[in-house]
Each structure stands twice: as C-alpha cells, then as structure tokens.
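A.B. asks: Handing you this structure, nothing more for now.
What follows is calculated from the coordinates using simple rules that are stated; it is not laboratory data. None of the values given here were measured: they were computed from a predicted structure. In this analysis, Cβ positions are derived from the backbone assuming ideal geometry, glycine residues included, and neighbour counts consider all displayed protein chains.
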Amino acid sequence: MKILLAVDGSSYTKRMLAYLAAHDEWLGPQHAYTAVHVVAPVPPRAAAALDKAVLQSYYDDAAEKVFKPIRPFFERHGLKVNCVAKVGHAAETLVAQAVKGDSDLIVMGSHGHGALARLVLGSVATKVVAECKVPLLLIR
C-alpha cells in the first residue's frame, strides 16, 4: 500500500507517528511511505524582493526542520521513507500529491477541533476530506 503521511512537525505529527508504531498493520515493509510537508508560500510581493536562491533556501530549511526527526523514526523501524517538500496551500497540495503519487491512503494528525472551531478557523484535515477521493486516516 502506498501511504502518504502529511507532516508538519507539530505534536500532532508525533502523535501520528506513535500511532503508526503501535499498529503493525500500518507500519511495515509491506507499505511504501511518502512524507509530505507543505510550506506556506511567501507572499508574492515579499518573494519578488528576494533572491530566488534565498527564497528556495528558506523553503528547503523549513522542510528539513520537519523531516529531520522523521527520517530516524523510519530508520529505527528498518523502513524507508520518501520525503517530499512542496510549497503551496496545505490541503490542496496534499490532495494533488496524493493523486499524483497514486496513494492508497493519506494519514495525518488532527487537532480534533469541534464543528464551531472548524467553521470559524477552517481545518486542513476538513479540506482534505472534502476534496480528496483517497481514503484518509485521521489521528487525534
């Protein structure tokens, strides 16, 4: 099974990885893992004022901070993970990557906000559920 892991470096990502480690059916050599981190784009006016190399370095550094603890997690379990960094809006980019990568499952941590908070704040997980045809496993 091709599993896309939506990662952002938060405690919810750590909780998701702990869940995977505790469930043999989700963590094992029978699966192919792709960890995807979406970096929010720098506003266009600010990006235009920056050198392209500086901007790319910012995006690369932001993604590496998230991937740095994920690689050892998979190494400890004797597994490989493909780390993919994208720039864009989180939900739309995750959905596009899941489709592009022909993923069988998306796994992501969620804050677990109630309906009122989602209505006011929005939620990446809610948007992914609404926009994606790929099954989604939310870990709270």
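A.B. asks: Among ALA125, HIS77, LEU5, whose Cα sits farthest toward the positive end of the charge dipole of the chain (+1 at Cβ of Lys/Arg, -1 at Cβ of Asp/Glu, about the Cα centre)?
C.D. replies: Of ALA125, HIS77, LEU5, it is ALA125.
A.B. asks: Let me ask you something else. Report the convex hull volume per residue for the stretch 1-79, counting only C-alpha atoms, in Å³.
C.D. replies: That works out to 96 Å³ per residue.
A.B. asks: While we're looking at this one, here's another question. Residue by residue through the stretch 55-67, which ³J(HN,Hα) values in whole Hz follow from phi under the Karplus form 6.51 cos²θ - 1.76 cosθ + 1.60 (θ = phi - 60°), with glycine and proline marked x?
C.D. replies: Residue by residue, the stretch 55-67 yields 4, 5, 4, 4, 4, 4, 5, 4, 5, 5, 4, 6, 6 Hz.
A.B. asks: Between LYS86 and LYS14, take the C-beta separation as r, use R0 = 25 Å, and let me know the FRET efficiency to the nearest 0.05.
C.D. replies: E between LYS86 and LYS14, to the nearest 0.05, is 0.75.
A.B. asks: Same structure again: Can you tell me the dipole magnitude for the chain around its Cα centre, using point charges on the Cβ only (Lys, Arg +1; Asp, Glu -1), in Debye to the nearest 20?
C.D. replies: With only Lys, Arg, Asp and Glu charged at Cβ, the dipole is about 180 debye.
A.B. asks: Specify the inter-centroid distance of the stretch 74-90 and the stretch 1-36, based on alpha-carbon positions, in whole Å.
C.D. replies: Cα centres, the stretch 74-90 to the stretch 1-36: 9 Å.
A.B. asks: Related question: Dividing the alpha-carbon Rg of the stretch 2-139 by 2.2 N^0.38 Å yields what?
C.D. replies: Normalised by 2.2 N^0.38 Å, the Cα Rg of the stretch 2-139 equals 1.08.
A.B. asks: If I fit a long axis through the Cα atoms of helix 11-22 and take the longest principal axis of the Cα atoms of the chain, what angle between them do I get, 0 to 90°, rounded to 10?
C.D. replies: 20
A.B. asks: At 0.36 nm per residue, and after removing the present C-alpha to C-alpha distance, how many nm does the segment from HIS31 to ALA49 gain when stretched out fully?
C.D. replies: That works out to 2.2 nm of additional length.
A.B. asks: Name the most mobile residue of GLY88, GLY78, GLY109, meaning the one with the largest mean-square fluctuation, in a Gaussian network model of the chain with Cα contacts below 10 Å.
C.D. replies: Maximum fluctuation in the GNM of the chain, among the listed residues, is at GLY78.
A.B. asks: While we're on this one: If you line up the long axis of helix 90-100 against the longest principal axis of the chain, both from Cα atoms, how many degrees apart are they, to the nearest 10?
C.D. replies: 60
A.B. asks: Compute a Gaussian network model of the chain, connecting alpha carbons closer than 10 Å, and tell me which residue from LEU20, LEU105, LEU50 fluctuates the most.
C.D. replies: LEU50
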